[in-house]
Structures are given as C-alpha cells and as structure tokens.
Amino acid sequence: MNEVEATLRFLFDQFEKNTYYDEHPEAKAYRLEHSFRVAKIGRTIAESEGFHVEGMVIACLLHDVSYGEGLNGEEAWLNHGRRAAEIARPLLETLDLPSHVVKDILYGIAMHVDDEAGFPGTRTPFAETVGAADNIDRFDVYRLYETLQNARFNELPLGKKQAYCEKRLLRLPQLMEMDMGTATGNQLWKERLSFQIEYFQRLSAQLAASSWS
C-alpha cells in the first residue's frame, strides 16, 4: 500500500469513528468530497511547481480531518487546522516520506485557516499551497452554487437579489489580490474568481431586465 492509500484508509477510519458524522451524514459527504477536490488541486499545483506531489496530496487529504470532531463556535473553527495537524501527526510519522516533507505537511495543515501554525516552522511555498488549494476549491463552481443555496437566493425579492449581486461584485475583485504562494496557485485562483465575477455580472444584468423600468 503506498502512502496515499494509507492516508485514505486513515481518513476513512477517522470519518467512520466520529459520532458527529453519524448525526450529520450530509456534512460527512461534503467534507470528504471537498478534501478530494482540494487534493486534486494541490496535486496540479505540486506537479507544476516541482513540489513533492505525494506529500502535497496527503497534506490536502488531511487538512480538514478535525471536522469530524464537530466545530462548535468560531474558536473551534479557527483552530481546526492546528487540530488537524495534531490528528495527522501520528500517521505521518509512520509514512515513508522525507522528514522535511512531513514538516511541510504538518505546517501547511496547521496554518491553513488563519496563517498560524501554533508551533515553529517555515512558511514554504509547499506549506502555503495547502491553504491555497483549499481556497481555490472554496471559490469554485460548487461553492458558488452552495453559497446561493445557503443564502436562499431564490426566495429573495428582486431588489435584495440585486443587492446581493452588487455586494459580491464589490468583494470579488478585492480577493484577486490574495497571494496563493505560487504562480500556478495564483493562476488557478484568478481563473475561479474571474468566473464568479462574470457570473454575477451576467446575473446582475438579467435581474436588471426583470422589471419594467
């Protein structure tokens, strides 16, 4: 069994043993699917940038492993990267990976939420890519659908729909300036944001045509 397969088995075991997911199966499905997408984004960046590809895939698969414990409140959410690193460490110490890669994985997982790892380490482009891959997925097409669904956009009156679009169109260009740590990460980030900007521009135009004025 290679290191990624061992990581997947560990991830599945963690998800199976957490009672939070027994009560929230939809959260379990989403978190697994998100982790797989983030791992594939991380792999794309790693291959392009010459990083340790297997290590990056493992880091991204494990970056949210702490969600199964249930995150109650903002503090727990802010700490979920650091907690995920704690959960992942025993596994990583058994894998056949270079020690510097293990350090990068742990640091990247720990800091991916708020840029604070909670232990000494180096903010390498590899470590930054864990959070970058997470952000890239969070601003991709599925999350756009999910965000509109959570806002109950379809139930809003026309004026509030227009205001929602205006707010998004103010915020999205500002996010363009965020640095994803690598040229490949920045390219993928800007592609996702450009799509959302175009989407909301076209949605806003269609809403503007939805009244006789």
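Of the residues making up region 148-205, those that are more than 18 Å from Asp134 (Cβ to Cβ) and of a type in the set (Ser, Thr, Tyr) are Tyr164, Ser194, Tyr199, Ser204.
Among the candidates Leu78, Leu61, Leu11, Leu97, the residue that is within 25 Å of Glu116 (Cα to Cα) and surrounded by fewer than 17 Cβ atoms within 10 Å (Cβ to Cβ) is uniquely Leu78. Given the conditions (1) under 16 Å from the mean Cα position of the chain (by Cα); (2) of a type in the set (D, E, K, R); (3) part of a helix (DSSP H, G or I), which single one is not true for Asp115? With respect to (1) under 16 Å from the mean Cα position of the chain (by Cα); (2) of a type in the set (D, E, K, R); (3) part of a helix (DSSP H, G or I), Asp115 is out only on (3). Residue-level check: of (1) under 14 Å from the mean Cα position of the chain (by Cα); (2) among the acidic types (Asp, Glu); (3) farther than 15 Å from His112 by Cα, Glu54 misses just (1). Among the residues of region 137-151, is there at least one that is modelled with pLDDT under 95, among the charged types (D, E, K, R) and exposed (fewer than 15 other Cβ atoms within 10 Å of the Cβ)? Yes, region 137-151 contains a residue that is modelled with pLDDT under 95, among the charged types (D, E, K, R) and exposed (fewer than 15 other Cβ atoms within 10 Å of the Cβ).
Listed here are the residues, each with its yes/no results for (1) open to solvent by 30 Å² or more (accessible area, probe 1.4 Å); (2) over 29 Å from Arg82 (Cβ atoms); (3) in contact with a Pro (Cβ under 6 Å, 6 or more places away or on another chain).
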position: Asp115; (1), (2), (3): yes, no, no
position: Pro120; (1), (2), (3): yes, no, no
position: Phe126; (1), (2), (3): no, no, no
position: Gly185; (1), (2), (3): no, no, no
position: Phe200; (1), (2), (3): no, yes, no
position: Ala209; (1), (2), (3): yes, yes, no
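Out of the residues in region 120-168 that are in contact (Cβ under 8 Å) with a residue 12 or more places away in the chain and outside any helix (DSSP H, G or I), state the one that is farthest from Gln206 (Cα to Cα). Looking at residues that are in contact (Cβ under 8 Å) with a residue 12 or more places away in the chain and outside any helix (DSSP H, G or I), I get Gly121. Taking every residue in region 91-113 that is more than 19 Å from Gly81 (Cβ to Cβ) and pairing it with any residue that is part of a loop (DSSP other than H, G, I, E, B), at least 6 positions away or on another chain, the pairs with Cβ-Cβ distances below 8 Å are Leu97/His52; Pro98/His52. Taking the numbered list (1) at pLDDT 95 or above; (2) open to solvent by 50 Å² or more (accessible area, probe 1.4 Å); (3) closer than 19 Å to Ile45 by Cα in turn, Arg168 passes all entries but (3). Within region 56-71, residues that are closer than 19 Å to Pro125 by Cβ sit with their Cβ atoms under 6 Å from residues that are in a loop (DSSP other than H, G, I, E, B) and at pLDDT 95 or above, at 6+ positions apart or across chains, in these pairs: His63/His112.
The values are calculated or read from the model by the stated rules, or taken from the named source; none is laboratory data. This structure is a prediction, so every number in the text was calculated from the model and none was measured. Quick reminder, even Gly has a Cβ in these numbers, built from the backbone with ideal geometry, and neighbours come from all protein chains shown. Calculation scope for accessible area: heavy atoms of the full protein, side chains included, ligands and nucleic acids excluded. Shrake-Rupley method; radii C 1.70, N 1.55, O 1.52, S 1.80 Å.
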